[in-house]
Every structure is written in C-alpha cells, then in structure tokens.
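One structure is given here, and the rest of the page talks about it.
The values are calculated or read from the model by the stated rules, or taken from the named source; none is laboratory data. In this text, all values refer to a predicted model and were calculated from it rather than measured experimentally. Backbone-built Cβ (ideal geometry, glycine too); neighbour counts: all protein chains shown.
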Amino acid sequence: MTTRIRTAAATASALALAAALAACAPTEAAADTVTVYSADGLRDEEGTGWLDQLFAEFEEETGLTVQYVEGGSGEMVQRADRESTNTQADVMITLPPFIQQADGLGLLQPYEPEGAENVDVKDPDGKWTAVVNNYFAFVYNTKELSEPPTTWEDLLAPEFEGRLQYSTPGVAGDGTAVVIQAMHDFGGLEPAMDYLGELQANNVGPSSSTGALGPKVDKGELLVANGDVQMNYAQSRTMPNLGIWFPSREGGDPTTFALPYTAGLMEGAPNADNGRALMDFLLTEDAQQRVAPVAGGFPARTDVASEGEDAEALEELMEGVEVFEPDWDDIDAHLPEYLDAWREATGS
C-alpha cells in the first residue's frame with residue numbers, strides 16, 4: 001500500500017495519512033514518484049514551509065509526485081535500515097550524526113547534486129550534502145521569563161521543575177545535539193552525564209519530536225526546551241512568546257555548533273533518478289535564496305547570498321556565540337556508548 005501526502009496542505013488529514021503510511025507494509029513504488037524520509041523542521045502545518053513550497057514546484061515542473069514521511073532523525077534512519085532489503089525511500093534528509101549513521105549502515109549511495117561544488121558541508125565521498133545550514137539552540141517563553149537563562153546551571157533552578165523538556169537523544173537529532181553540546185561545554189562524557197542526571201529532576205520526560213516542543217514553550221506549558229535556530233526562528237513568526245538562546249557554563253561564553261539538514265540518495269532507491277532530480281532542485285540558486293526568508297535558516301551554498309530582514313535577524317542572533325566543530329566521525333563511532341551513558345544517568 002502506498003500513501004500519497006500532498007505538500008500543499010499539511011493539515012490534520014495529511015498527518016493521519018503519514019501515520020497510515022508508517023503502518024503500511026513496504027510495496028513497489030510507482031515510477032512517477034519520489035519518496036523522501038525526513039527529519040522535521042523544514043515544513044509547517046500551513047503548508048507554506050520551505051519543503052512545502054519546493055515540493056509543490058518540483059511536482060509541477062517534473063510531473064512527479066513527492067511522497068513525504070517525517071519523523072525524528074534517528075527514527076528515520078532506523079526505519080530505512082529495517083527496510084534495507086526492500087528500500088522504500090529515494091532520498092533521506094536528516095541531521096548529523098544520523099546522516100553519518102545512515103552512511104555507516106550502507107543506506108546511502110554516492111551522488112553529488114548540481115551546485116554541490118559550492119557547498120562546504122558535505123561528505124568527501126559524495127554520500128550526502130548539506131541543503132540548509134543550521135545551529136543548535138534552546139528556546140524560552142519570553143512572556144513568563146523577562147530574560148532567557150544564560151547558563152546550563154540556571155536550568156537547575158526549582159522554577160524549571162516540570163516546565164523544561166528536551167527531545168530524546170538517539171531518536172531526535174536535536175535531542176542528540178543536547179548530549180553533544182553538554183559534552184563540549186562540560187569537558188567530556190562523564191561531567192556532561194553528571195549534569196544531565198541532575199537536570200533530570202526538572203525534565204518533563206521524553207519527546208520523539210523537537211518540533212512539538214516550540215509550541216509548548218510559546219503557550220507557557222514549558223518555560224525552556226531544546227531546538228535549533230532554523231526551526232525555532234521559523235516557528236517564532238507565528239509564536240510570539242518564543243525566544244532563542246544559546247547556553248554557556250557559568251563565567252563562560254555561549255556556544256553552539258552547526259547542525260545542518262543534509263540530503264543523501266538511498267542505496268537501492270526504487271526511483272533513484274527521481275531522487276537525484278529532487279536533490280538537484282533543493283540546491284538550485286532559487287531554492288537556496290529562499291532558505292532565510294522561508295525556512296529561517298542559512299543557505300548551504302556559499303555562492304548564494306543571504307539577504308533581507310530575515311538574514312539580518314539571523315546574523316544578529318548569532319553574534320557573540322562561539323561556534324565549535326564536532327568530530328562527527330568520532331561521534332558516530334561512539335554514539336551507542338554516549339546514548340547508553342545518557343540512559344544510565346537519567347534513568348530513561
């Protein structure tokens with residue numbers, strides 16, 4: 001059974017269709033389709049997000065139909081791995097370290113899209129290419145908190161008990177990013193786990209979707225949650241109480257790291273040529289010029305200027321924030337160890 005999800009209207013019925021697709025057994029893909037497994041963040045409920053717009057235009061120009069399945073970064077890789085003997089997806093869009101994980105599992109085949117020569121963040125073997133640049137961040141409720149927290153230590157305060165949440169590491173890309181950020185800021189796995197174990201007293205509990213946390217913060221159900229610049233900046237356009245901030249240690253400067261959306265062509269893709277065409281489309285100059293004003297992120301192509309009010313606001317948001325570069329290959333190699341340590345520290 002194949003379920004078609006139209007990108008022009010991401011309504012409740014579309015979400016129901018996505019759930020139905022997830023429950024269906026794998027079958028033969030139609031030749032005029034391209035199936036995308038993607039982390040959340042680049043579409044919206046109104047159907048006006050970056051991927052919504054590009055998918056609709058791609059369908060009109062090519063006559064192909066985009067079949068879209070969305071979930072946590074780790075969730076999408078796990079699904080693709082389960083289907084590896086009968087691959088269903090043509091393209092995967094996900095965050096590191098899950099794109100590296102997908103490659104390590106043999107789920108990706110080499111393909112460098114047109115325009116990739118102008119992309120700095122990409123696999124040297126051509127297995128994946130960034131399509132939207134992005135950074136790890138936290139969000140806070142600007143109505144109830146006159147100023148955001150500034151340090152990790154601030155989050156241990158009693159006022160955040162039951163009103164703080166971060167998405168589940170190993171399932172959500174941004175949740176995994178919490179572990180990576182904490183390891184960097186606290187100087188290693190053990191001190192990071194000591195802190196996250198202490199923070200668990202305030203944590204609401206697991207969440208497979210980071211995108212679901214922004215609305216909870218905006219409504220005041222939560223005061224603080226994890227996220228990323230692109231997704232939360234886009235959400236803030238319709239969520240007036242959502243503010244973005246970056247953590248630091250007491251006495252230190254705020255830090256973050258790049259967390260780009262990356263696209264790779266699936267090994268054994270049923271419609272590989274259609275997948276290649278879609279990846280090319282995501283890196284066109286026109287698509288990249290719309291990353292800031294539509295997606296709320298940063299263009300992946302270095303030859304495409306990011307201009308306008310949104311680009312200026314994003315640049316201002318990043319001022320004074322130190323950007324470090326994780327060793328993604330090392331993180332991919334040790335991710336199971338890090339996740340086991342997190343589960344032990346938090347009792348999750």
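Picking from residues in region 295-319 that are of a type in the set (A, V, I, L, M) and part of a loop (DSSP other than H, G, I, E, B), the one that is surrounded by the fewest Cβ atoms within 10 Å (Cβ to Cβ) is 305. Test residue 107 against the stated conditions and say whether it is more than 18 Å from the chain's Cα centre (by Cα), of a type in the set (A, V, I, L, M, F, W, C) and either assigned by TED's automatic domain parsing to the domain that holds residue 327 or crowded, with 23+ Cβ neighbours inside 10 Å (or both). Yes, satisfied. Across region 159-178, the number of residues qualifying as buried (at least 23 other Cβ atoms within 10 Å of the Cβ), hydrophobic (A, V, I, L, M, F, W, C) and at pLDDT 95 or above comes to 3. Among the residues of region 128-156, those that are surrounded by fewer than 22 Cβ atoms within 10 Å (Cβ to Cβ) and either without any contact (Cβ under 8 Å) to a residue 24 or more places away in the chain or not assigned by TED's automatic domain parsing to the domain that holds residue 208 (or both) comprise 146, 147, 154.
Scanning region 104-146 for residues that are aromatic (Phe, Trp, Tyr) and in contact with a Lys or Arg (Cβ under 8 Å, 6 or more places away or on another chain) yields 111, 128. Of the residues making up region 286-314, those that are in contact with a Phe, Trp or Tyr (Cβ under 9 Å, 6 or more places away or on another chain) and either at negative phi or not assigned by TED's automatic domain parsing to the domain that holds residue 112 (or both) number 14.
Here residue 343 passes the criteria (1) modelled with pLDDT under 95; (2) under 18 Å from residue 194 (Cα atoms); (3) among the charged types (D, E, K, R) except the one numbered (1).
Just one of the listed residues (269, 292) is part of a loop (DSSP other than H, G, I, E, B), within 25 Å of residue 97 (Cα to Cα) and touching a helix residue (DSSP H, G or I) at 6+ places or on another chain (Cβ under 6 Å), and it is 269.
Residues in region 270-286 that are within 22 Å of the chain's Cα centre (by Cα) and surrounded by 22 or more Cβ atoms within 10 Å (Cβ to Cβ): 275, 278, 279, 282, 283.
Residues checked against (1) more than 30 Å from residue 102 (Cα to Cα); (2) in contact with a strand residue (DSSP E or B) (Cβ under 9 Å, 6 or more places away or on another chain); (3) of a type in the set (Lys, Arg):
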site	(1), (2), (3)
193	no, no, no
215	no, yes, no
224	yes, yes, no
228	no, yes, no
232	no, yes, no
257	no, yes, no
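Apart from one condition, residue 279 fits all of (1) assigned by TED's automatic domain parsing to the domain that holds residue 30; (2) over 23 Å from residue 50 (Cβ atoms); the exception is (2).
Name the single residue that is surrounded by the fewest Cβ atoms within 10 Å (Cβ to Cβ) among those in region 320-336 being in contact (Cβ under 8 Å) with a residue 12 or more places away in the chain and in a helix (DSSP H, G or I). Walk me through how you get there before you give the answer.
Applying the first criterion (in contact (Cβ under 8 Å) with a residue 12 or more places away in the chain) to region 320-336 yields 320-326, 328-329, 331-332, 335.
From what's left, in a helix (DSSP H, G or I): 328-329, 331-332, 335.
On the way: 328: 17, 329: 11, 331: 18, 332: 18, 335: 21.
Ranking the candidates gives 329 first.
Pairs linking a residue in region 65-80 that is closer than 16 Å to residue 274 by Cα and without any contact (Cβ under 8 Å) to a residue 12 or more places away in the chain to a residue that is of a type in the set (Ser, Thr, Tyr) and surrounded by 22 or more Cβ atoms within 10 Å (Cβ to Cβ), with Cβ atoms under 7 Å and 6 or more positions apart or on different chains, do not occur. Is it the case that some residue within region 200-211 is assigned to a helix (DSSP H, G or I), polar (S, T, N, Q) and buried (at least 21 other Cβ atoms within 10 Å of the Cβ)? Within region 200-211, not a single residue is assigned to a helix (DSSP H, G or I), polar (S, T, N, Q) and buried (at least 21 other Cβ atoms within 10 Å of the Cβ).
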